[in-house]
1. Put a dot 7 Å past each Cα toward the Cβ at LYS46 and GLU157; how far apart are the dots in nm?
2. Just from its helices, what would the mean residue ellipticity at 222 nm be for the chain, if runs of 4 or more DSSP H residues each count -39500 (n - 2.57) and the sum is divided by every residue, rounded to the nearest 500 deg cm²/dmol?
3. Name the lysines eligible as straight-distance cross-link partners of LYS117: C-alpha to C-alpha under 18 Å, and not fewer than 8 places from it in the same chain.
4. Got a sec? Charge dipole of the chain, +1 on Cβ for Lys and Arg, -1 for Asp and Glu; which of THR65, ALA121, GLY33 is way out at the positive end?
5. Can you tell me the accessible area per residue over the chain, all protein chains present, probe 1.4 angstrom, in square angstrom?
6. Could you compute the longest span of the chain free of GluC sites (Glu not before Pro) located in DSSP loops and having at most 11 other Cβ atoms within 10 Å, not counting the site residues?
7. No solvent, one uniform scatterer per C-alpha: report log10 I(q)/I(0) for the stretch 64-133 via the Debye equation at q = 0.17, 0.21, 0.22, 0.29 1/Å, two decimals.
8. How many percent of the accessible area of the chain is carbon or sulfur, using a 1.4 Å probe?
Amino acid sequence: MSELLKFESNEDMQQGLANAIIADLATAIKYRGQGSLVLSGGNTPKRLFQILSTKELDWAKVQVTLADDRWLGEDHTDSNERLVKDNLLQGPAAQASFIGLKTAASSPYEGAADCHKNLSAIPLPYDVTLLGMGTDGHTASLFPCSDELDRAVTDDESLCCAVTPKTAPYERMTLTLKTLLKSSKLYLQLAGDSKLEVYKSACDGDDEKAMPVRYFLKQEQSPLFVYWAP
């Protein structure tokens, strides 16, 4: 179940989504005393992170983590951790605590247990989870080409899963499907006509393994709010 919200400009979409996320986190802090925010990487959310970093919120009570990350050092240009630290954890938002997915292990397969332990510090359900989507219908690092996809979408015990996509570079760590679905609010952020067409194709089909974003579009556990702009 998803709801598509269209905006006339990318900036309008970024501002609208930032306001929604801040409202969600403020509500969580008011009623639970803390908030949690799960983020995705890529070019599309960079502006969103910059806007969020300027918003007034009791950021010291917010825990931030990632839906997935490449197994790279945080100084690498393709690291989602670097993207978040450079663009979100600045200004007022610098007070938030951050739990990354990358550990000191040489591979995500060796680091999965420690990553799970680190993530356990964030209570479930997450308050806000932000997803993106690739042109192949993957989201987080749930890739249709990955040998680990079955485990990543069926594992009930692990919070995360190591994956190696065949159509994208780098070994990765991703939160499992079951973990991501344990979110009070799910957002999917899209930009451009091509991504809108992929989204429509995903909505029209039923083969979830062919386009893993369908796992989120078809479920009823937590409604998916889709924010799109040209």
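1. Result: 4.1 nm between the two label points.
2. Estimated from H runs of four or more residues: -10000 deg cm²/dmol.
3. Cross-link targets: LYS102, LYS178, LYS182.
4. So the residue we want is GLY33.
5. 43
6. Working: sites that count: GLU8, GLU56, GLU157, GLU220.
Counting only loop sites that pass the neighbour cut-off, the longest clear stretch is 57-156.
7. -0.68, -1.02, -1.11, -1.42
8. On the way: 4620 of 9820 Å².
In the chain, the share of accessible area belonging to carbon and sulfur is 47 percent.
The values are calculated or read from the model by the stated rules, or taken from the named source; none is laboratory data. The shown structure was predicted, so the numbers you read here are calculated from the model rather than taken from an experiment. FYI the Cβ positions are ideal-geometry reconstructions off the backbone, even for glycines, and counts take in every protein chain you see. Accessible surface is based on the protein model in full, side chains and every heavy atom, while ligands, DNA and RNA are left aside. Shrake-Rupley method; radii C 1.70, N 1.55, O 1.52, S 1.80 Å.
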